[in-house]
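Engineer: This is the structure, below, for whatever I ask next.
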Amino acid sequence: MLTLEELPNPPTQEYSLQTNLNLYESPNCKNLVTQAATGRQLRLLSGRDPAGIRFAARAIEVCLCEDGYSGWLPHSSTSALQPATTAYQPQKYSRAEIEQKIPQIIAFTRAAMQCPNYYLWGGTVAPNYDCSGLMQAAFAASGIWLPRDSYQQAAFTQSIEIEELRPGDLIFFQQTARVSHVALYLGEGQYIHSSGKDIGRNGIGIDELSEDSNEVSRAYYQQLWGAGRVMTSYQPH
């Protein structure tokens, strides 16, 4: 385990992950907020000066480069950080290029469903995902980045009418004051998503956009908020 002072200081001010890592919502590292897969990059918040970095006895606050998401990294995980040789550069995609990748994105979610899994709040790494984590991972596997949370994904996508849905579009649901769930449209009225046991099956499954289908489909249909189309890859500010 490296201390904050012992971490190498890369010229890019970014670190590359050598293994999958968990990030937490606070320095006590009790509640998972997101995960980061091997190969992703992060930076320490507030620069390299220990006096300016938010850190605690057990964790350092970091920000993931691909989606701008922040969280607390346990000191015990710092050995998995290596100085990044180049700074993260978001890749641009046109809508036409994204459309070509839709079959791969759908295939990713179907393959994820075939593995034993359960709904994991904050999960973005196989086999256990939360709803937006599955969407982010599926698109990222094809090089396309989405924001991390479902309400952020709703704001990022181009709003479309439900009648305009095409395979690869996102469907959003609202249980609280803002969008709180997301699914991937497969076509023919079906969508795939990772749902929690309080409403769903505690894992990845396929449901129907209908109030006349199974119990899970009916429950989510009552929370239907809208739909969105991914037009480009996310570029954090």
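Engineer: Of the candidates 154, 126, 138, which one comes out as most mobile in a Gaussian network treatment of the chain with C-alpha springs shorter than 10 Å?
Structural biologist: In this elastic network of the chain, the residue with the biggest mean-square fluctuation among 154, 126, 138 is 126.
Engineer: Could you provide, to the nearest whole Å², the per residue accessible area of the chain with probe 1.4 Å?
Structural biologist: Here the residues of the chain average 47 Å² of exposed surface.
Engineer: Next question. Within 10 Å of each candidate Cβ there may be at most 13 other Cβ atoms; applying that plus a DSSP loop requirement, which GluC sites (Glu not before Pro) in the stretch 132-174 survive?
Structural biologist: Answer in residue order: 161.
Engineer: Can you give the net charge of the other residues whose Cβ lies under 10 Å from the Cβ of residue 227, counting K and R as +1 and D and E as -1?
Structural biologist: -2
Engineer: Let me ask something else. Between residue 26 and residue 38, with labels modelled 7 Å along Cα→Cβ, what's the label distance in nm to one decimal, could you check?
Structural biologist: Taking the two extended label points, one gets 3.3 nm.
Engineer: Could you tell me the extents of the chain's C-alpha atoms along the three principal axes, largest first, rounded to whole Å?
Structural biologist: For the chain, the Cα spread along each principal axis is 59, 38, 33 Å.
Engineer: Got a sec? What order do 38, 78 fall in by accessible area at 1.4 Å, biggest, i.e. largest, first?
Structural biologist: Largest accessible area first, the list is 38, 78.
Engineer: Once neighbouring chains are kept in place and the probe is 1.4 Å, which whole percent of the accessible area of the stretch 45-189 is contributed by carbon and sulfur?
Structural biologist: Carbon with sulfur: 51 percent of the solvent-accessible area.
Engineer: Another question, if that's okay. Let me check I've understood the local charge: for residue 68, count other residues with C-beta under 14 angstrom from its C-beta, Lys and Arg +1, Asp and Glu -1. What total comes out?
Structural biologist: -2
Engineer: Say we join alpha carbon atoms closer than 10 Å with springs in a Gaussian network model of the chain; which of 200, 39, 71 then has the biggest fluctuation?
Structural biologist: Evaluated over the chain, the most mobile residue of the options is 39.
Engineer: Then there is this: Report, in debye and to the nearest 20, how large the dipole of the chain comes out about its Cα centre when Lys and Arg carry +1 and Asp and Glu carry -1 on their Cβ.
Structural biologist: With only Lys, Arg, Asp and Glu charged at Cβ, the dipole is about 540 debye.
Engineer: Same structure again: How large is the helix-only mean residue ellipticity at 222 nm for the chain, computed as the sum of -39500 (n - 2.57) over DSSP H runs with n ≥ 4, divided by its residue count, in deg cm²/dmol to the nearest 500?
Structural biologist: Rounded to the nearest 500, it is -5500 deg cm²/dmol.
Engineer: Also, quick follow-up: What does the extension gain come out to for residue 85 and residue 213, with contour length at 0.36 nm per residue minus their alpha carbon separation?
Structural biologist: 40.9 nm
Engineer: Can you list which of the trypsin sites (Lys or Arg not before Pro) found in the stretch 189-237 are DSSP loop residues with at most 14 other C-beta atoms within 10 Å?
Structural biologist: Sites meeting the loop and neighbour criteria: 197.
Engineer: Looking at the square roots a ≥ b ≥ c of the eigenvalues of the Cα gyration tensor of the stretch 54-128, which shape do they give, rounded for a/c under 1.5, prolate if a/b is larger than b/c, or oblate?
Structural biologist: Because a/c hits 1.5 or more and a/b fails to exceed b/c, the stretch 54-128 counts as oblate.
Engineer: So what's the gap between the Cα centers of the stretch 68-140 and the stretch 201-237, to the nearest angstrom?
Structural biologist: 18 Å
Engineer: Please give the helix 131-140 orientation as an angle from the longest Cα principal axis of the chain, in degrees from 0 to 90, rounded to the nearest 10.
Structural biologist: 70 degrees
Engineer: Taking only Cα atoms, what is the 0 to 90° angle, nearest 10, from helix 95-114's long axis to the longest principal axis of the chain?
Structural biologist: 90 degrees
Engineer: Further question: How long is the gain from residue 156 to residue 100 if the chain were fully straight, where each residue apart is worth 0.36 nm and the alpha carbon distance is subtracted?
Structural biologist: Full extension from residue 156 to residue 100 adds 18.2 nm.
Engineer: Calculate the spin-label point distance for residue 121 paired with residue 163, positioning each point 7 Å from the Cα along the beta-carbon direction, and give it in nanometres.
Structural biologist: Here the answer is 3.9 nm between the modelled labels.
Engineer: Further, regarding this structure: Indicate the gyration tensor shape class of the stretch 189-237 (rounded, prolate or oblate), computed on the Cα atoms with a ≥ b ≥ c the square roots of the eigenvalues: a/c under 1.5 is rounded; otherwise a/b larger than b/c is prolate and the rest oblate.
Structural biologist: Prolate is the answer for the stretch 189-237, as a/c is 1.5 or above and a/b outweighs b/c.
Engineer: How much net charge surrounds residue 187 when only the other residues with a Cβ under 12 Å from the Cβ of residue 187 are counted, with Lys and Arg +1 and Asp and Glu -1?
Structural biologist: For residues surrounding residue 187, the net value is -2.
The values are calculated or read from the model by the stated rules, or taken from the named source; none is laboratory data. Bear in mind that the values here come from a model prediction, so they are computed numbers and not experimental data. Neighbour counts are summed over all protein chains in view; Cβ atoms, including those assigned to glycine, are modelled from backbone coordinates with ideal geometry. Note: areas computed on protein heavy atoms with side chains; ligands, DNA, RNA excluded. Shrake-Rupley method; radii C 1.70, N 1.55, O 1.52, S 1.80 Å.
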